[in-house]
Structures are given as C-alpha cells and as structure tokens.
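Notes follow once the structure below has been shown.
The values are calculated or read from the model by the stated rules, or taken from the named source; none is laboratory data. From a predicted model like this one, the values you see are computed outputs, not experimental measurements. All Cβ positions, glycine included, derive from the backbone under ideal geometry; neighbour counts span all protein chains shown.
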There are 2 protein chains.
Amino acid sequence: MKSKITFVGSGNVAWHLAKAFDLAGYQIHQIISRNETTGKELAKKYAAFFDTKPENVFDDSDFIFLTIPDKAIESTIEKIKANSPIFVHCAGSCSLATIANFKKNTGVFYPLQSFTKGRNLNYFEIPIFIEASDKNTFQKMWDLADSISNSVKHLDSEKRLYLHLAAVMANNFTNHLLAQAEKVMTMEELPLVWLKPLVEETIKKAFEFGPENSQTGPAIRNDETTIQKHLEMLESNPGLKELYSIISKDIGRK
Amino acid sequence: MKSKITFVGSGNVAWHLAKAFDLAGYQIHQIISRNETTGKELAKKYAAFFDTKPENVFDDSDFIFLTIPDKAIESTIEKIKANSPIFVHCAGSCSLATIANFKKNTGVFYPLQSFTKGRNLNYFEIPIFIEASDKNTFQKMWDLADSISNSVKHLDSEKRLYLHLAAVMANNFTNHLLAQAEKVMTMEELPLVWLKPLVEETIKKAFEFGPENSQTGPAIRNDETTIQKHLEMLESNPGLKELYSIISKDIGRK
C-alpha cells in the first residue's frame, strides 16, 4: 500500500514537495491550511482531504509535513492530536528539537532550493538534508527523500544552521545585488537582461574553479581610479554607494 | 580578401576575440605583446606575426585591438606609428576619447562577458556594445561585431560607464558573495557545490521575474530572530559579520 503524506501548510514548499511525492508514487492524504484558497486547490489536485485546523490532522498518515513559516512550527505542532505519524519540518534554521519535544517520531527534511509555485524544477538534482529522532525514523525519512532526489545527505541541526546561513548569502544576497545592478541599469534606461550571459558565466566559473580563484574586477586589482569613478556615479543613491564601497573594500582586503 | 586584425595584448580578451574572429573568417594578422610566452603562443595558433613592441605594429591591418589593461591604453597608443587601421579598445570604463585623441579612426568594442582563456563560450550570445569616431568606422565595427554576435548594440561612452558599473556588481560582487558563502560552508567542512542548484535557480528567477520581485529570505521578511542567530554564528569573522549586517539592512529597507 502507498505511504500517505499530509501537509500542514499550502505554500511554495508544500506545492513542490506534494508534486515530487505524487510523481514518486506516494499518496497525498490530507492538506491542512488556514488559507482555504491555496489549501483546497492543492487538496483537489491530489484528491486529498482538506481541513483548516491542525487539530483535525488524521492519525493514519505516515508522514506529517509542517510546511509553514519557522515561527509557526511550535505553536502548530502543539495543536495536533495525532501521534502515530512521523512529524517533519523543512526549515533550515530550526533545530530538530523544535518538534522533537512534542512528538515521538520526528525528523527534518531540508530541501536546499528556493521554491516558487508553478515552476518546473528537476527534483532529482535538489540536495535534501535529513535528520531524525531515531534510527527507524531516519531510515524511513531517508527512503522518502531518496525516492525524489539523487542527493540525500545526513546533516545535524548545528551544521544545517551553517548551510542555511550560506544559502541566505548565496541566494538572497546575490539576488539583492542583481536588484542593485538593475537600479544602475535603470539610471540609463538599460535592460537588465543584457547582463544575463555575464552572470551565468560568473556562476559557472565560481562553481568550477572556486569563487576565490575567480575574483576579477576593479576591487581585487586595487584599481582606485575606477572605484572612485563608480562611487561618483552613485552619488545620487547614498545607500547603493555605501554598499558598493563596503563590498569593494571587503574584496580588496583579500 | 579577408580583413586583417591585429591584437596588442595577449590576455584573456585577446585569446577569446582572436578565436571568435578566426571562426568568423577573419585573418589574425599580428600579435603584439610584452609577454613573449602568451604572445608567441597566440600568434602561432593563428599563424600571425609576433612582436613585443607597439612601435612595430604594421600599418596594413584593418583593425588594431588594444586588449590591454585600461591604464595602459593611452601610453600604448601613443607609441604606435601606424595610422591607417581602425583603432579599438574593449574597456567598459574608458571613454572613446581615450584613443580618439591619438588616431583618425577609432572605436570601442565592448563585449559584456568575463573572459578566461581556454573556456568554451557561445560567442553569438555575448552582447557587444559599439561606439565609433565616425559613421564609416561605425559601420565597419558593426559588421565586425555582427559577424560574431547576435546581440550588437550602439552605446555611447557615458551609458557604457553605467553598464560597466552594473556589470561589476552583477559579476564581481556576486562572485565575492559566493566566496563568502564558501567561507561559511568551510566552517563546518561542507562543500560549496551543495549550493549550486539553489544559486542556478536564483539567477534564473531573477532574470525571469526581476530580482526585486524574487527577493526572499530573513531580511526581506524582517525575521530578526534568524538574522540575530546568523550574526552570532559569524562572531569569529567580524568582516563577514559586518557584510551580512549591512546587506541585510539594505534588503530590509525596501
């Protein structure tokens, strides 16, 4: 018989994991969400039961995935009466203890990807980091992850914290810099898309040779003339000017 | 008869442009380089003449490409006696005037890419930005660029400055952030490559939806608990801690 998976939450993570588990042959059993629109939509897609209250989580699921904001995890698991399933959260910066204090069998299932509903992703390429309360639970979580990804690893809560911090820098901060680059382009009505081949090659080289070895530009070669010229060009935007100055100094320090 | 192209300089830009022009059917005529090793190697590859001195640039080239560091452009063109060819530099942050004061027909040929010798690049995808001293020269430069790229645009020196500044942020600064992310990974002996699918998806989304619309993470949702946790984790590295703090504040300001 198919393993049954319930999601508490109907956001981006639930959307993608439900799709991946469905493709791998699991049964999406129940969707619990305060958001009736997205919750019902997800439930309908997989012919799953729908409810708005964590109190009504069925006890006959194999896994309960808490795909909700970090802050809501503790207060939500407290409300759930079911005890038999394995309870799982997907948060990079929350320890296993956040849920292990409330239920018998618990685990962390951290897929290292930025999820947006509706996008096509190759799930097999996404690394998944697993942690569990006990050996038996760990094996079940591993098998589950292994059925949707080619890259499953064991990682404890402490190491996961660092992985999450690095991910924030590589994803959120990098994206912010692209937003700042777009601001500069907009000053002269130039389209951001012109930078695409450059950024793609930058990322390729960083992962192929290591970013430390790939650093180029005015800051690393201490080209003060160009740096000063750029700072003057940013005079009208003090926030951006400060950011440019600080990152350039940081690069030059190497 | 094939147009003849001479390079002054034998670094990464010369390496790639020579390859692209050769593929497009141009004749690589002469390589001038103080570096005898890389210069002779490049000359040999295309059966071109080699010399170490700019004074010895032949007058029978159609184009002389000054693929040398920005700072060296003026002092180098001063030494060149030849006057008939079109003189070209490839520097994002140098104006056309840098060379237009010295020769009759001059142009800027700015390929927006980060070049490393030996890498395979799809030249047709690389945008090339053209500027020239006069209409006739412009047309010749356009035809040359158009023969190796599907994306040729006219851009004046002022706008090119902003494009170069945006490129520094999108390329050099982004790479620096990946280097910092690697430092965090190294603290726990985790490999950078785990972040690859995440970074690739981040870049895809930024160009598809716009980086401003794609921003996620603790800073944009003002998640002070996570930000504080991350800052504590960076206690042993004050430089990195400051960088994290400043970029997070900048994201939160939106």
* Quick one: count up the residues across segment A:20-30 that are part of a helix (DSSP H, G or I) and touching a strand residue (DSSP E or B) at 6+ places or on another chain (Cβ under 9 Å). => 3
* Asked: So which of B:Val57, B:Val8, B:Val13 ends up being more than 27 Å from B:Phe124 (Cβ to Cβ) and β-branched (Val, Ile, Thr)?
  -> B:Val57
* Among A:Lys103, A:Lys81, which is assigned to a loop (DSSP other than H, G, I, E, B), in contact with a strand residue (DSSP E or B) (Cβ under 6 Å, 6 or more places away or on another chain) and either crowded, with 20+ Cβ neighbours inside 10 Å or more than 12 Å from chain B (Cβ to nearest Cβ) (or both)? -> A:Lys103
* **All positions within segment A:31-43 that are of a type in the set (S, T, N, Q) and in a helix (DSSP H, G or I)** => A:Thr37, A:Thr38
* Looking at A:Ile220, is it free of Cβ contacts under 8 Å to residues at least 60 places away in the same chain, over 27 Å from the mean Cα position of the chain (by Cα) and not in a helix (DSSP H, G or I)? -> yes
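Kindly evaluate A:Leu243 against the criterion of being facing chain B (nearest Cβ under 7 Å), in a helix (DSSP H, G or I) and closer than 27 Å to B:Ile220 by Cα.
Details: facing chain B (nearest Cβ under 7 Å): yes; in a helix (DSSP H, G or I): yes; closer than 27 Å to B:Ile220 by Cα: yes.
The answer is yes for A:Leu243.
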* Structure fact -> Of the residues in segment B:187-226, those that are in contact with a Gly (Cβ under 7 Å, 6 or more places away or on another chain) and on the phi > 0 side of the Ramachandran plot come to B:Asn222
* Structure fact -> Within segment B:1-29, residues being of a type in the set (S, T, N, Q) and surrounded by 22 or more Cβ atoms within 10 Å (Cβ to Cβ) number 2
* Structure fact -> Just one listed residue, out of B:Glu158, B:Glu182, is part of a helix (DSSP H, G or I), facing another protein chain (nearest Cβ under 7 Å) and acidic (Asp, Glu), and it is B:Glu182
* Asked: Restricting attention to segment A:89-96, does a residue exist that is surrounded by fewer than 21 Cβ atoms within 10 Å (Cβ to Cβ), more than 14 Å from chain B (Cβ to nearest Cβ), within 21 Å of the chain's Cα centre (by Cα) and within 30 Å of B:Met233 (Cα to Cα)?
  -> yes
* Meets criteria (of a type in the set (A, V, I, L, M), touching a residue at least 40 places away in the same chain (Cβ under 8 Å) and farther than 25 Å from A:Lys241 by Cβ) for A:Ile148 -> yes
* To do: Go through segment A:61-95 and give me each residue that's under 17 Å from A:Asn35 (Cα atoms), β-branched (Val, Ile, Thr) and touching a Gly at 6+ places or on another chain (Cβ under 9 Å).
  => A:Thr67, A:Ile68, A:Thr76
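Tally up the residues in segment A:223-239 that are part of a loop (DSSP other than H, G, I, E, B) and in contact with a helix residue (DSSP H, G or I) (Cβ under 6 Å, 6 or more places away or on another chain), please. Explain how you work it out, then say what you get.
To start, the set of residues in segment A:223-239 that are part of a loop (DSSP other than H, G, I, E, B) comprises A:223, A:234-237.
Checking the rest, the ones that are also in contact with a helix residue (DSSP H, G or I) (Cβ under 6 Å, 6 or more places away or on another chain) come to A:234.
Residues flagged as part of a loop (DSSP other than H, G, I, E, B) and in contact with a helix residue (DSSP H, G or I) (Cβ under 6 Å, 6 or more places away or on another chain) within segment A:223-239 amount to 1.
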* Looking at (1) out of contact with any strand residue (DSSP E or B) (no Cβ under 8 Å at 6 or more places or on another chain); (2) part of a loop (DSSP other than H, G, I, E, B); (3) within 14 Å of another protein chain (Cβ to nearest Cβ), which is the only condition B:Lys71 fails? -> (2)
* Asked: When segment B:153-164 is examined, which residues are found to be without any contact (Cβ under 8 Å) to a residue 60 or more places away in the chain and surrounded by 19 or more Cβ atoms within 10 Å (Cβ to Cβ)?
  -> B:Leu155, B:Tyr162
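This table checks each residue for (1) free of Cβ contacts under 8 Å to residues at least 60 places away in the same chain; (2) within 14 Å of chain A (Cβ to nearest Cβ); (3) crowded, with 18+ Cβ neighbours inside 10 Å.
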site: B:Asn35; (1), (2), (3): yes, no, no
site: B:Asn56; (1), (2), (3): yes, no, no
site: B:Asp62; (1), (2), (3): no, no, yes
site: B:Thr98; (1), (2), (3): yes, yes, yes
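In this structure, does A:Val184 turn out to be in contact with a Gly (Cβ under 9 Å, 6 or more places away or on another chain) and at pLDDT 95 or above? Give the derivation first.
Details: in contact with a Gly (Cβ under 9 Å, 6 or more places away or on another chain): no; at pLDDT 95 or above: yes.
For A:Val184, the condition - in contact with a Gly (Cβ under 9 Å, 6 or more places away or on another chain) and at pLDDT 95 or above - is not met.
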* Could you tell me which numbered condition B:Ile203 fails, if it satisfies all but one of (1) over 29 Å from A:Leu243 (Cβ atoms); (2) crowded, with 21+ Cβ neighbours inside 10 Å; (3) β-branched (Val, Ile, Thr)? => (1)
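Return the only residue of B:Leu192, B:Leu243 being under 20 Å from A:Leu112 (Cβ atoms) and either surrounded by fewer than 21 Cβ atoms within 10 Å (Cβ to Cβ) or not assigned by TED's automatic domain parsing to the domain that holds B:Ala100 (or both). Talk me through it step by step, then tell me what you get.
Working: B:Leu243 fails: under 20 Å from A:Leu112 (Cβ atoms).
Exactly one of B:Leu192, B:Leu243 is under 20 Å from A:Leu112 (Cβ atoms) and either surrounded by fewer than 21 Cβ atoms within 10 Å (Cβ to Cβ) or not assigned by TED's automatic domain parsing to the domain that holds B:Ala100 (or both), namely B:Leu192.
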* For segment A:140-158, indicate whether the set of residues that are of a type outside the set (Ser, Thr, Tyr), under 25 Å from B:Asn175 (Cβ atoms) and in the same structural domain as A:Ala18 (by TED's automatic domain parsing) is non-empty. => no
* To do: Answer yes if at least one residue in segment B:201-216 is without any contact (Cβ under 8 Å) to a residue 12 or more places away in the chain and aromatic (Phe, Trp, Tyr), and no otherwise.
  => yes
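Being more than 14 Å from chain B (Cβ to nearest Cβ) and of a type outside the set (S, T, N, Q) is the filter here; which residues of segment A:132-155 pass it? If you could, list the steps in order and put the result at the bottom.
Let us first name the residues in segment A:132-155 that are more than 14 Å from chain B (Cβ to nearest Cβ), namely A:132-147.
Passing the criteria: A:Ala132, A:Asp134, A:Lys135, A:Phe138, A:Lys140, A:Met141, A:Trp142, A:Asp143, A:Leu144, A:Ala145, A:Asp146.
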* Would it be correct to say that B:Thr76 is assigned by TED's automatic domain parsing to the domain that holds B:Leu144, in contact with a His (Cβ under 8 Å, 6 or more places away or on another chain), outside any strand (DSSP E or B) and within 24 Å of A:Asn222 (Cα to Cα)? -> no
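Just a yes or no: is a residue in segment B:199-217 small (Gly, Ala, Ser), assigned to a helix (DSSP H, G or I) and closer than 26 Å to A:Ile220 by Cβ? Explain how you work it out, then say what you get.
So in segment B:199-217, the residues small (Gly, Ala, Ser) come out as B:206, B:210, B:214, B:217.
From what is left, the residues that are assigned to a helix (DSSP H, G or I) are B:206, B:214.
Next cut, closer than 26 Å to A:Ile220 by Cβ only: B:206.
Checked segment B:199-217: at least one residue is small (Gly, Ala, Ser), assigned to a helix (DSSP H, G or I) and closer than 26 Å to A:Ile220 by Cβ.
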